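Comments concern the structure below.
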Amino acid sequence: MKDLLFGLLGLCLACNTSQKTVSEKEDKKGNNTKIEVTKIASSITELELKEHLYIYASDAYEGRETGQPGQKKAVDYLKKEYIKLGIPAAKKDGNYFQKVPLSLNKVPKGVLSFKNKKFPVGDHVLTFNSFSGTYSSIAYVGYGIEDGLYSDYTNIDVKGKIVLVKSGEPQKENGNYILSGSKEKSIWSNMSESLGKRIKIAKDHGAIGILYYDSTNFSRFKSRFNYMQRNNSGRMEIKTNKDGFVSLYLDAHLSKTIYPEIETKNNPTTIESPISFHIESANNDLASENVVAFLKGTEKPEEYLIISSHLDHIGVTDNGEINNGADDDGSGTVALLEIAEAFKKAADAGNGPKRSIVFLHVTGEEKGLLGSQYYADIQPLFPLKNTVANLNIDMIGRIDPKRKGNRNYLYLIGSDKLSKDLHDLSENVNNKYSNIEFDYKYNDENDPNRFYYRSDHYNFAKNNIPIIFYFNGTHDDYHRPTDTPDKINYDLLENRTKLIFYTAWEIANREQRIIVDKVK
């Protein structure tokens, strides 16, 4: 699971006259025959999970750092396992690898100049973009929102300009928020969801850069910037995303220097003062790849269920210690392999899934959800409109030490965000087969950890694809060299993996696709 950086994200099992249960299939005469789903799931075992993980999270894989030799060993291992299973590649050319071109932007150096004052990058202004130029004015667009009939871009031309935007959203005099129509904030008050939207709106209106003022989150941005600066690292991004647009984050001092009334004025206006930038950064290109295997559906092959996990981790420490990432996300990776094996064995026995299954191992999660972003936003191998759901597995082999109670638990995040249908299905599958205690603590919109936005499911959720994120919580070994295979609770890993298989089985085989009833 990645650290939070610059934020950018049923029908139940009881059968009725039109919906078969998980364990039903029609024979050639149209009669229902019993499929022993638990027997199919019995191929998912502690022993095989352990065998996979002791290889995948071994020192030989050097912490699976994105774009580095250890990550190449990891993708090669996954490819060989799918070949052994007889599950073909998702790409038509037979290649299991979906290339993800990346660029590592080193922490930049330079200054922003305004009214003969220089503001060094890393002090009052933060960015990871190289950018140079002088502009005669700045377009202030308030909250930078366009939503339905509301627009902060009315009566102002920002084409070819730098725009100044503040966080938050507009309110009426009675305290109600304009966009929600009530005292309840909308997604525009959520930095993780709204910053990317603000940037896209600015781009769509022709702006070439955004100055973003967020007094609440600037210190968090700066902490991350300082960490990268101390470690001579940088920010990784998808190379094909480069379009000349620059994003800069300002603190209160600089924002109020540029526009003293920024806290109180919301209406768009032109600030007739020149601003210049001289910011440089060294960029290194990196080659990485997702691993994608595919099992074609028997009755609804044009509908797709994506089951995902991230294949990368954080590599080697400065003093040479290997971050093995057994839980994060070795546990999700080996679970996905075992789920794939169970589906293939069922297919070989004549019980192939009605819908197609995409087994998606994504790269660059630790660098900002890059592999899943590339799949969802740039090169989906299968149409997103036909993708019925995403089940994302990220850390399911340990026990959260802060949690009290039953050890046979699992945190579920996002199951009800877009679809009550999916949430109800998930609950019913668990009640029927697994009896795991579902903990929805981190599903709370006000959860300060923001886990909903911190793993690969989010790139599907933001495209209105229903998701479930399976997670055991963090622990003392999170992102440390001590996250090793001997710390994994393999009995729990088996039970949790079977649960996800049962859920995937139901989604893939029921007649009706998951209903989306909460479009964002």
- Longest to shortest principal axis, alpha-carbon extents of the stretch 258-402, angstrom: 72, 45, 38
- Query: Most exposed first by the Cβ proxy, i.e. fewest other Cβ within 10 Å, how do Trp188, Trp505 rank?
  - Reply: Trp188, Trp505
- Query: If you stretched the chain out fully between Thr257 and Asp76, how much longer would it get, using 0.36 nm times the residue separation minus the C-alpha to C-alpha distance?
  - Reply: 59.9 nm
- Query: Using the Karplus equation 6.51 cos²θ - 1.76 cosθ + 1.60 (θ = phi - 60°), what ³J(HN,Hα) coupling, rounded to whole Hz, does each residue of the stretch 65-76 give in order, writing x for Gly and Pro?
  - Reply: 4, 3, x, 9, x, x, 5, 5, 5, 5, 5, 5
- Task: Please work out whether the stretch 52-146 counts as rounded, prolate or oblate from its C-alpha gyration tensor, where a ≥ b ≥ c are the square roots of the eigenvalues and a/c under 1.5 means rounded, while otherwise a/b larger than b/c means prolate and anything else oblate?
- Result: prolate
- Note on the structure: Rounded to the nearest 0.05, FRET efficiency between Asn435 and Lys385 (Cβ-Cβ, R0 51 Å) equals 0.90
- Message: Quick check on the stretch 108-280: what does the Kirkwood estimate of hydrodynamic radius come out to from the alpha carbon pairs, in Å?
- Response: 16.7
- Tell me, what is the percent relative contact order of the stretch 250-348, built from C-alpha pairs under 8 Å that lie six or more residues apart? 16
- Query: According to the Kirkwood expression over distinct Cα-Cα pairs, how big is the hydrodynamic radius of the chain, in Å?
  - Reply: 24.3
- Note on the structure: Rounded to the nearest Å, the spacing of the alpha-carbon centers of the stretch 65-127 and the stretch 276-315 is 9
- Query: What are the semi-axes of the equivalent ellipsoid for the stretch 32-74, taken as the square roots of 5 times the Cα gyration tensor eigenvalues, largest first, in whole Å?
  - Reply: 35, 12, 5
- Message: Could you derive backbone 3J(HN,Hα) for the stretch 45-56 from the dihedral phi with the Karplus parameters 6.51, -1.76 and 1.60 (θ = phi - 60°), listing whole Hz in sequence and x where the residue is Gly or Pro?
- Response: 10, 3, 4, 5, 4, 5, 4, 4, 5, 5, 7, 5
- Can you give the extra length, in nm with one decimal, that the chain gains between Arg403 and Asp318 once fully stretched, where that is 0.36 nm per residue apart less the Cα-Cα distance? 27.4 nm
- Query: What ranking, highest mean first, results for peptides 209-215, 67-73 when packing means the other Cβ atoms within 10 Å averaged over each residue?
  - Reply: 209-215, 67-73
- Which whole-angstrom value gives the distance between the alpha carbon centres of the stretch 211-273 and the stretch 364-428? 30
- Could you tally the net charge around Glu303, taking each other residue with its Cβ under 12 Å from the Cβ of Glu303, Lys/Arg +1 and Asp/Glu -1? +4
- Message: Can you give me the distance in nm between label points at Asp59 and Ile187, each placed 7 Å from the Cα along the Cα-to-Cβ direction?
- Response: 4.7
- Message: Just want to confirm a number: the relative contact order over the stretch 108-280, from Cα pairs under 8 angstrom separated by 6+ residues, in percent.
- Response: 41
- Simple spin-label model, 7 Å along Cα-to-Cβ: Thr240 to Lys265 in nm? 4.2
- Task: Starting with the fewest neighbours, write out Met395, Met191 ranked by other beta-carbon atoms found within 10 Å of each beta-carbon.
- Result: Met191, Met395
- Message: Give me the net charge for the shell around Phe97: Cβ to Cβ below 9 angstrom, other residues only, Lys and Arg +1, Asp and Glu -1.
- Response: +2
- Counting pairs of alpha carbon atoms under 8 Å apart in space and at least six apart in sequence, what relative contact order in percent does the stretch 69-147 give? 15
- Item | Amide H partners (placed H, <5 Å) of His310, local residues excluded | Val362
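Every read-out reported here was derived from the displayed coordinates using simple, explicitly stated rules and does not represent laboratory data. Being a predicted model, the structure only gives us computed values, none of them experimental. Glycine also receives a Cβ, built like all others from the backbone with ideal geometry; neighbour counts cover every protein chain displayed.
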